[in-house]
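Here the structure is laid out as structure tokens; the discussion comes afterwards.
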Amino acid sequence: MSLSPRPGRRLPTVFATAVVCALTTGTVLSAVVPAAAHGPGGHDEGAAATAPKVPDPRVLAELRDDEVAALGQEHAEEHARMRAAVRGIGDYPQTTRTNRLKALTDSQAAQNRGFAPETFGAFNQYFPSPDFGDHIALLPTGKVLLFSFERIETNPEKEPAPTQTTGEENAGRAFLWDPAKGYGKDAYKQVTPPVVNMPDGLDQPRPAPFFCAGHSFLPNGMLGVFGGNLGGNGGSGAKLSLIFDPWTETWTRNPDMSVGRWYPSVVTGPDGRQLIMSGQSEIGWGTPTPVVERFPAKNYPVPSLKTDTPTNTPVDRFGVDAPFSLDYPHLFSLNDGNIYGFGRQASEQWRFDPVAETRSDLAARPDGRKRNYGSAVPLPGGINGPDSALILGGDRDNPSTLRFSNGSWTAEKSRAFGRTQDDTLLLPNGRLMTVNGAYDIRDYGNGPYNPNADLKYRQVELRDDQGNWKLGPVQRLPRGYHSNAVVLPDGRVMVTGDELQQIANNPDINGTVADIPGTSAPVTMNGTIEIYEPAYLHQGDRPALDRAPTTPLGYNQNFQVTSETPGLVSKAVLLSPTTSTHSVNTSQRHLDLRLSSRAGNRLEFQTPPDAKAAPPGWYMLFLLNDQGVPSVAKWIQLTA
């Protein structure tokens, strides 16, 4: 799950040597492999003078007669030390995890005392979760779907995901969190994905390994999940096509895609169909597929009712390819009805017409730089929906933000510093906030697979109505790779993800609970969730939204809501729910609604003009006062 092939549980000797050289001296074998033991020639003459005359017993156990004969005793011992060090990094003591979490907790409290909540917001809750949350989706029931993988390691200096693993250990898992039930174990429910027998030749059925898939919402509120991890060869794509039904809280497997996808992107267009692009194929890392597929297939109906569960529903081939050379491009459905694909390479920018099934070139991104995993957002466009997108992050050396609109690029005001792995969210008031971020993929600032992070990336950034950014409070964990965030219906922001940081800071790495609903065996509390309260939750009374339509609404249609505080209501907005992974969030959307009339506690608004402005589906309806303070949302559904 990185940009280059990575080891599984067994490290090849050459790669193991590189890993040892990159590790800090905090591992168990720091006394065996001195900090200065590796010079350009593989060992350092000065270090030999201070090395113990009798090798450590663990080094002797790794010494090989053939290497002594071929390389000589000293050089063979150096190789043995490296092998011993690789074995030694299996230990990451609980005391280290506990002390790390305490240090982060203390520093967060100290730094955040300088940020007034009414101006900058505040982080106020931090609690355990049974899942890492590498993939996340806010469902139209108000619950949050979290899914990832069954870990194969508890050492944050090693890869915990079974990317290189085939067989039963390469398995997925999923849980629901119900914010209405609070923060204890009773607020979670396990919703295990379908058991599948993957085509790896091992005949070992297991819960579908859908981590590193792509996903977006269907018009009926169900989540389509496509691709995943077949296992091996640096990252091989699965052909999985799955649906999660939030109404019954069950999974459905559909016929496989025609090609495997590991790290694909998915977007829902104005017709309610999903376009699936990119990802490494079933052959393995270095084989990105240009094939574009569509779900449901063109001759199958688009599900719009809660009971319309797609079953035995295939994908079909879209009319043109998408030759992205890097994974997880940003895809957005803008208000001209086209799908815009913003690739990580500056030259890979395309527009797709979902009706004509054509592709056309867009201007190259003017920074000319590759952007790794970083965020992008379709900017609010009033009542007509977004006509432009903001590209941020993905380059630790580049804090710039670029806006694409009307076929061209313009520079917007930069953030304070460059960061990768960031998540940028649209808030109900139309402003932006960035949370999470890191130095690189698995490098948190102090070397690969070293969880000691550069802590500046904990600080959120907030964008005002004029496009100015300001730094705000810090989150508890420095969440980087696989971090996620969603805006909840009550206006708070849920932050989760980054399995390595969660493992490195787990106060009880082997702690379990036995009574999470949906489970038949003890469940390890692998992850954590943190809650951020934006400034608008600290700025006085909120408007009340008492009742909203519970039946589907058409486009350009008047509808009524009731509020016991009509005098506080200045406007109404729609905010689409988020589903994201790897800093890619194709579902975000913010729209203003036209106010038609007021009469006592009744307010009448008008829905968006068409599906180009707002693709069919479920949205959060917020009422706001004249300072942008939102109500608690109600869910409404738009349908053609």
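The values are calculated or read from the model by the stated rules, or taken from the named source; none is laboratory data. Since we're looking at a predicted model, the values are computed, not measured. Cβ placement follows ideal geometry from the backbone for every residue including glycine, while neighbour counts extend to all protein chains displayed. Heavy atoms of the whole protein, side chains included, go into the accessibility calculation; ligands, DNA and RNA do not. Shrake-Rupley method; radii C 1.70, N 1.55, O 1.52, S 1.80 Å.
Tell me, which residue of the stretch 598-631 that is open to solvent by 50 Å² or more (accessible area, probe 1.4 Å) and more than 31 Å from the chain's Cα centre (by Cα) is nearest to Ala137 (Cα to Cα)? Here the residue is Asp626. Taken over the stretch 585-606, the criterion of being within 24 Å of Val144 (Cα to Cα) and either assigned to a strand (DSSP E or B) or β-branched (Val, Ile, Thr) (or both) is satisfied by Thr586, His590, Leu591. Taking the criterion of being among the hydrophobic types (A, V, I, L, M, F, W, C), in contact with a strand residue (DSSP E or B) (Cβ under 8 Å, 6 or more places away or on another chain) and in a helix (DSSP H, G or I), the only residue of the stretch 90-135 that qualifies is Phe120.
If you filter the stretch 354-382 down to residues that are hydroxyl-bearing (Ser, Thr, Tyr) and out of contact with any His (no Cβ under 7 Å at 6 or more places or on another chain), you find that the one that is least open to solvent (accessible area, probe 1.4 Å) is Ser375. Scanning the stretch 453-481 for residues that are in a loop (DSSP other than H, G, I, E, B), open to solvent by 10 Å² or more (accessible area, probe 1.4 Å) and either touching a Leu at 6+ places or on another chain (Cβ under 7 Å) or hydroxyl-bearing (Ser, Thr, Tyr) (or both) yields a single hit, Arg476. Only one of the numbered conditions (1) out of contact with any helix residue (DSSP H, G or I) (no Cβ under 7 Å at 6 or more places or on another chain); (2) under 20 Å from Leu390 (Cβ atoms); (3) surrounded by 21 or more Cβ atoms within 10 Å (Cβ to Cβ) is not met by Asn335, and that is (1). Beta carbons closer than 6 Å, at least 6 apart along the sequence or on distinct chains, pair a first residue in the stretch 611-630 that is within 10 Å of Leu568 (Cα to Cα) with a second that is open to solvent by 10 Å² or more (accessible area, probe 1.4 Å) and assigned to a strand (DSSP E or B) for Leu624/Lys571. Among all positions in the stretch 517-525, there is no residue which is touching a Gly at 6+ places or on another chain (Cβ under 9 Å) and over 28 Å from Leu101 (Cα atoms). Scanning the stretch 95-117 for residues that are touching a Leu at 6+ places or on another chain (Cβ under 9 Å) and over 17 Å from Lys456 (Cα atoms) gives a single hit, Pro117.
Can you pull out the residues in the stretch 404-436 that are part of a strand (DSSP E or B) and closer than 26 Å to Ser347 by Cα? Selection gives Phe404, Ser405, Ser408, Trp409, Thr410, Ala411, Glu412, Thr420, Asp423, Thr424, Leu425, Thr434.
Residue by residue through the stretch 362-377, note down the ones that are closer than 11 Å to Phe342 by Cα and out of contact with any Ser or Thr (no Cβ under 7 Å at 6 or more places or on another chain). Leu362, Arg365, Arg371, Ala376, listed by residue number. Could you tell me whether the stretch 280-298 includes any residue that is among the aliphatic types (A, V, I, L, M) and closer than 16 Å to Gly228 by Cβ? Yes: the stretch 280-298 contains one or more residues that are among the aliphatic types (A, V, I, L, M) and closer than 16 Å to Gly228 by Cβ. The set of residues in the stretch 607-628 that are under 19 Å from Gly567 (Cα atoms) and not in a loop (DSSP other than H, G, I, E, B) comprises Leu621, Phe622, Leu623, Leu624.
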